[in-house]
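Here the structure is laid out as structure tokens; the discussion comes afterwards.
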Amino acid sequence: LFSPSVASALFINSVCCITTQQGSDKIGHKLTLTVTMIKILHFVPFGGGAQGGIESFIMNIYRLIDRSKLQFDFLTYGDPAFFIDEITMLGGKVFCLTSRRDNPIKCYSETKKFFEMYGDTYKFLHMHILQFINCNNTFVF
């Protein structure tokens with residue numbers, strides 16, 4: 001029996017288990033199928049002075065996935081308290097924006113600018129925040 005983190009990582013790896021294949025078509029042309037890395041942006045409430053369950057669960061999965069097929073990057077507001085060095089060591093990026101509590105206008109403009117600059121980089125956005133209002137209505141795709 002697997003823990004939820006291990007089971008989640010196994011599922012994610014099996015879904016993304018496409019490898020480079022070479023072959024030829026009926027005429028004899030060589031065909032090569034290559035798969036680029038899938039990038040996932042996790043919108044996570046890092047910080048707050050406590051090492052939360054969401055953050056720990058995501059990091060347990062991140063440690064176990066095949067990082068040659070999947071890359072996790074993280075977006076958070078404020079100053080993150082945990083996991084930053086480990087995320088960087090594993091190849092991920094952490095983007096820290098001004099929190100809405102500190103400066104709502106700057107938070108909105110930074111979030112909007114972030115998605116204008118990097119929105120097409122990520123195949124998936126996985127939100128781990130409790131309130132959609134934290135998104136400042138900038139996630140309209």
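Along the charge dipole of the range 36-103, which of N60, G92, L70 sits closest to the positive end, that is, farthest toward it, with unit charges on the beta carbon of Lys, Arg, Asp and Glu (+1, +1, -1, -1)?
L70
Let me make sure I get this right: for the range 59-126, a, b and c are the square roots of the gyration tensor eigenvalues over alpha carbons, sorted descending. Under 1.5 in a/c it's rounded, otherwise prolate if a/b > b/c, else oblate. Which is it?
Here the range 59-126 falls in the oblate category.
Which net charge results when you count Lys and Arg as +1 and Asp and Glu as -1 among the other residues whose beta-carbon is under 15 Å from that of Y118?
+1
List every residue whose amide H lies under 5 Å from the amide H of L75, counting only residues 5 or more places away in sequence or on a different chain, with H placed 1.01 Å from N in the peptide plane.
For L75, whose amide H was placed from the backbone, the distant partners under 5 Å are H42, F43, V44, F95.
Once label points are set 7 Å from the Cα along Cα→Cβ at both F124 and I38, what is their separation, rounded to one decimal in nm?
Each label point is offset 7 Å from its Cα along the Cβ direction, giving 0.5 nm.
Coordinate-derived values only; no laboratory data. A quick note: this is a predicted structure, and the numbers were derived from the prediction, not measured. All Cβ positions, glycine included, derive from the backbone under ideal geometry; neighbour counts span all protein chains shown.
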